[in-house]
Amino acid sequence: MYQDLLSQIYHEVKALRLTGQQTAYIPELANIPADKFAIHLSTITGQKYGVGDFDEKFSLQSIAKVFAFSLAYKIKGAGIFNHVGVEPSGDPFNSLVQLEQEQGFPRNPLINAGALAVCDVLINELANPEIELMSFIRQIAGNEKITYNTAVYKSEKSTGFRNRALINLMKSFGRINNDPEEVLDLYFKLCSIEMTTAELSQTFLMYANRGKLPNSNVQILTESQSKRLNAIMQTCGFYDEAGEFTFRVGLPGKSGVGGGIAAIHPGKYAVAVWSPLLNSKGNSIKGMKALELLTTKLGWSIF
Ligand code: GLN
């Protein structure tokens, strides 16, 4: 059933000839062919369905913020909310305005400021933050080969002026413990992690499965943490388009400027889509359309 549905959606979205812009502010991402398009769905009972370029790696960018926050939440429990809030920002992902007004306290862990604060916490808590964060992500992916793309990492590190502004503003308010460059370095590595669309849907299954890895039954997040993280994805995963995504798709999810989106239907499936053409909010145009069609055609809703 899913395979036919995904093929139908894939062709329907392709025929719409939607256009958008590729990420320009990270030079290395500007070169990805605009016509790449993939949809991949994994069910919690172990079935997998894909269409298009679902075996090609792409840059997760902000989708990876979910993994960094998962690890920090696992380590700190509710204490993580002394460092980052749970309110939607209603602002672009890299906005400085609210952060100034709110004394450097980031609204949520899925905007850049919040993810930087989470990386600062990971550096406080872990002896080898990069290695431990990477092995945590490999564990939830069930794939030891997951890593970051060095060219994308270097590209953002040499041009990430807004992220430098965000962390320095937070540091000026006494919110950041470590050297800003050290925190940025971990953040840029996190954002440049690559996965295929198939790997991404597999990795997100944990969030559809009450915090438990579906293959091994290892409980990574508690049920309560998993529920709350899904609530944060629902309300904050698409920045100033979180309402629109909830309205059109109706699933918790997370986007990235690499053109990927991962979303979950609790108790049923995780789905990932990839198309590098973005709308003005930095979310994949075809990706959003494909997910809207998926939840509409399936007729299941979490609401
Ligand atoms: N690495 C990107 C940045 O910090 C991530 C942004 C995104 O995917 N929305 O700007």
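The values are calculated or read from the model by the stated rules, or taken from the named source; none is laboratory data. The structure presented is a predicted model; accordingly, all values stated were derived computationally and were not measured. With ideal geometry, Cβ positions are generated from the backbone for all residues, glycine too; neighbour counts draw on all protein chains shown. The accessibility values were calculated without ligands, DNA or RNA, using every heavy atom of the protein model including side chains. Shrake-Rupley method; radii C 1.70, N 1.55, O 1.52, S 1.80 Å.
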Lys154 versus Ser172: modelled label distance in nm, points set 7 Å from Cα along the beta carbon direction: 3.2
Rule-of-thumb Rg ratio for region 1-73 [Cα; 2.2 N^0.38 Å; N residues]: 1.36
With eigenvalues of the C-alpha gyration tensor scaled by 5 and rooted, the chain, Å: 28, 21, 18
Cross-link reach list, lysines versus Lys171, counting only Cα pairs under 27 Å and skipping chain neighbours closer than eight places: Lys65, Lys74, Lys76, Lys154, Lys157, Lys189, Lys254, Lys281
Rg in Å to one decimal, and Dmax rounded to a whole Å, for region 46-147 via C-alpha atoms: 15.6, 47
The chain - mean residue ellipticity at 222 nm from DSSP helices (-39,500 (n - 2.57) per run, n ≥ 4, rounded to 500): -14000 deg cm²/dmol
Shape of region 216-300, Cα gyration tensor, a/c cut at 1.5: prolate
Gain on full stretching of the segment that runs from Ala24 to Arg138 - 0.36 nm per residue minus C-alpha separation: 38.2 nm
Tensor-based shape of region 188-250 (alpha-carbon gyration tensor, a/c under 1.5 rounded, otherwise prolate or oblate): oblate
Region 239-303, accessible area per residue, ligands and nucleic acids excluded (1.4 Å, Å²): 29
Angstrom value of the Kirkwood radius, inverse mean 1/r, which spans all Cα pairs in region 112-267: 16.7
